[in-house]
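Reading through the C-alpha cells given below for one structure.
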Amino acid sequence: MTSSQDGQAKIEYVLILLFVAIIAIPTLTLLGPQIGSVYLKIIDALYLNTTENPNSIISTLNHFLLLIQDYYEQNDRYPRTWDPYNFTDLGLDPDDWDQPVDGIYWKPHGGDVGLANRPDDDIQIYVDDLSGNTLHLFDGWNIWCLASNGNCYYHTIAPGNEIDINTIKVINE
C-alpha cells in the first residue's frame, strides 16, 4: 500500500467514526432513559435473587402506616421518633426490625416511615418517580412515606420527589 493509499484509508476510517459519532450521540441522548429502563429490566431478569415481591413490601408499608394512624387517633400525636420508642409505641419489638424485612430496613419516624438500605450492605433499591423514571436509592438514603396521606418521596419529603411506591424493586447483589 502506498503512502497516499494509507492516508486515504485513514481519512475514510476517521469519516466513518465521525459519522457513527454524529448518529450515536444524539440517539443515545434521546433514548438514554429508555435504555436505562431496559437495562434495569435485564438486571431483573438476570438477578434471580430479587427479594420479596413488591406486594409484600406494600403490605408491610401499609401495616406501618395503619399502626401510625391508629396511634395518632388514640393519642392525638404521632409516635416518638427515636429508638426504641419509634417501634414500641406502635406495639412492635425493635429487635424484629434490626435486620432487613422484605429486603428493606424499616424506620418509623413520627408520622413517617423510612424504607432504606444501608451502606456496605448487599441490597440495592430501585423505584420509579411519577414520570416513570427509575431512581436508584443510594445507600443510607430513605424513601419516606407519610401516614397522613400515604404519599411516598425519594430521599426527602419535598415537591418533585414523589414516587410510585408500587414500582419498588429490591435486589440483593
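Among the residues of segment 140-150, write down those that are farther than 16 Å from Thr81 by Cβ and either within 15 Å of the chain's Cα centre (by Cα) or charged (D, E, K, R) (or both).
Our first condition is that a residue be farther than 16 Å from Thr81 by Cβ; within segment 140-150, this holds for 140-141, 143, 149-150.
The answer is Gly140, Trp141, Ile143.
Among the listed residues Tyr126, Tyr153, which satisfies the condition of being closer than 20 Å to Leu66 by Cβ, of a type in the set (Ser, Thr, Tyr), modelled with pLDDT of 95 or more and within 12 Å of the chain's Cα centre (by Cα)?
Numbers: Tyr126 fails: closer than 20 Å to Leu66 by Cβ.
Only one candidate passes the filter, namely Tyr153.
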Q: Please indicate, with yes or no, whether at least one residue in segment 78-97 is surrounded by 10 or more Cβ atoms within 10 Å (Cβ to Cβ), modelled with pLDDT of 60 or more, of a type in the set (Asp, Glu) and in a helix (DSSP H, G or I).
A: yes
Q) Is it the case that segment 58-67 has a residue that's in contact with a strand residue (DSSP E or B) (Cβ under 9 Å, 6 or more places away or on another chain), surrounded by 17 or more Cβ atoms within 10 Å (Cβ to Cβ) and more than 18 Å from Ile125 (Cβ to Cβ)? A) yes
Q | When residues of segment 129-150 are limited to those that are outside any strand (DSSP E or B) and farther than 22 Å from Asp70 by Cα, the one modelled with the lowest pLDDT | A | Gly140
**Q.** Complete set of residues in segment 101-123 that are at pLDDT 95 or above and not in a strand (DSSP E or B)
**A.** Gly110, Gly111
(Q) Consider segment 102-139. How many of its residues are closer than 21 Å to Thr81 by Cβ, aliphatic (A, V, I, L, M) and surrounded by fewer than 20 Cβ atoms within 10 Å (Cβ to Cβ)? (A) 0
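The values are calculated or read from the model by the stated rules, or taken from the named source; none is laboratory data. Because the structure is predicted, anything quoted here is derived from the model rather than measured. Using ideal geometry, Cβ is built from the backbone for each residue, glycine included, and neighbour counts are taken over all protein chains shown.
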